[in-house]
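Nothing in this text is a laboratory measurement; each read-out follows from the coordinates by a stated rule. Being a predicted model, the structure only gives us computed values, none of them experimental. Every residue, glycine as well, gets a Cβ built from its backbone with ideal geometry; the counts of neighbours run over all protein chains shown.
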Amino acid sequence: MSRLVEQKAAAVSAARQEPAKIVHDVYSTGDQAALNSYYRDWAGAYDSDVVERMGYTAPSEAAEVLAEWLPGAGEAHVLDAGAGTGLVGEALKSLGFTRIDALDASQEMLDVAGSKGVYSRLIRAELGPDRLDLGDATYDGLICVGTFTFGHVKADAFDELLRILKPGGLFCFTHRTDVYADPSLGFERRQADLSADGAWELLFKSEARPYLPRVDPKIRYNTWLYRKASQPAANDALR
Ligand SMILES: C[S@@+](CC[C@H](N)C(=O)[O-])C[C@H]1O[C@@H](n2cnc3c(N)ncnc32)[C@H](O)[C@@H]1O
């Protein structure tokens, strides 16, 4: 980021709400249009707010998990789903990944991500049950950090993400522990069903770590890593 952009972001950040209020507000905007508006206004100050004011480290921690398990970082084609301003892409690039696409619902967040020069392609699209304009089995790896969460993307996005992942491909994502356990979001149930159907297998689940330690050290999250089945699952309607 240029010095001018950094100064502007810091000024916007200082004039903004307290971090705890931002976290509350972004989880409760109500619908996708309102959420997109929130991120439109937040895009310039997002990095300094979450990294410096909130202590957010999930992007680099999840990127390290994917890098540890996905062979051939230089050749692997990876989608950063819910990429935001590109914190995950920056971490992946530092770990040797060179073929990273970014997908996000917010054009303004994607604009910041694009300015970092780490993504091959920027895709404005909404994750959910609807079909993405991406081919079957496009990616070797998917990574989704901080986006399967309250007021954002629910478990009904898993099937479509699995469709665009190659058989045997890896899917890394984070959840707050309270998000995973919330029945209204459907993660615990859907993740178990996909395992029972043989659509994917769990390779790794991290210990619960502080998510936004400068906001509330009690909030914890896990990084999850699944491998998509090499063969079609029992319930092939999934993919
Ligand atoms: C908390 S940010 C996380 C961004 C980034 N992964 C990170 O860790 O910094 C959540 C992101 O999800 C995006 N988002 C929200 N709903 C979405 C949807 N339905 N499809 C795609 N992206 C969405 C927002 O625009 C925002 O950029």
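Overview of values
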item	result
25 Å Cα-Cα reach of LYS228 towards lysines, excluding residues that sit fewer than 8 places from it in its own chain	LYS93, LYS154, LYS166, LYS205
Between helix 32-42 and the chain: long-axis angle, C-alpha atoms, 0 to 90°, nearest 10	40 degrees
Residue-averaged [θ]222 nm for the chain, counting only DSSP H segments that reach four residues, each worth -39500 (n - 2.57)	-10000 deg cm²/dmol
Whole-angstrom gap from region 65-79 to region 99-170, using each part's C-alpha centre	15 Å
Reachable lysines from LYS21, criterion Cα separation under 19 angstrom, eight or more residues apart if same chain	LYS218
Convex hull of Cα atoms in region 70-199, direction-averaged projection (nm²)	7.6 nm²
Length released on extending from ASP182 to SER206, taking residue separation times 0.36 nm less the Cα-Cα span	6.7 nm
Pairwise FRET efficiency - ALA33 versus ASP159, Cβ, R0 = 25 Å, nearest 0.05	0.60
Dipole magnitude (debye, nearest 20) for region 1-160, charges at Cβ of Lys, Arg, Asp, Glu	540 debye
Segment ARG190-ASP41, length gained on full extension (0.36 nm per residue, minus Cα span)	50.4 nm
Alpha-carbon Debye profile of region 11-127, log10 I(q)/I(0) at 0.13, 0.21, 0.22 Å⁻¹	-0.51, -1.18, -1.26
Cα radius of gyration and Dmax for the chain (Å)	17.0, 55
At 1.306 mPa s and 10 °C, Stokes diffusion of region 122-239 via Kirkwood alpha-carbon radius, µm² per second	108 µm²/s
Alpha-carbon gyration tensor eigenvalues x 5, square-rooted, for region 121-186, Å	21, 13, 11
HN-Hα J in Hz across region 150-159 - Karplus 6.51, -1.76, 1.60, θ = phi - 60°, x for Gly and Pro	3, x, 10, 9, 9, 5, 6, 8, 4, 4
Extension gain from SER115 to GLU52, taking 0.36 nm per residue of separation minus the Cα-Cα distance	20.7 nm
Percent antiparallel among DSSP beta bridges (both partners in the chain, rounded to 5)	45 percent
